[in-house]
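Have a look at the structure below, then the notes.
The values are calculated or read from the model by the stated rules, or taken from the named source; none is laboratory data. This one's a predicted model, so the numbers in the text were calculated from it and none came from an experiment. Don't worry about glycine lacking a Cβ; one is built from the backbone with ideal geometry, like all the others, and counts go over all protein chains shown.
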Amino acid sequence: MAARDNVDTWPQGELEVFMTMLDWSHCSAVERAVDKMSGACVFRGTRVPVKSLFENLEDGATVDEFLEWFPGVGRDQVVAVLASSKQLRL
């Protein structure tokens, strides 16, 4: 899969594939538990799937809007996830 510089450039369906392939175990802002959100990767301490950040950004939302819509997620968590995803895509 080619590296992407911008979340809005994901072809249809490629974001889903990207999200399932990533290993978030190194990112302290993310946790995964079988009994929480069916094992989806979520922002630590929340039930907000990491995937929702990328879906909202892909749909044109800003980080500030995402944080407003999901008040349990901290800006530092979003920054950590975006930085990790960029490293993982390279």
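Taking the stretch 45-90 and the helices (runs of 4 or more DSSP H) fully enclosed by it, the elements with 3 or more residues that are under 12 Å from Leu22 (Cβ atoms) are at 50-58, 75-89. The number of residues in the stretch 29-64 that are at pLDDT below 90 and among the small types (Gly, Ala, Ser) comes to 4.
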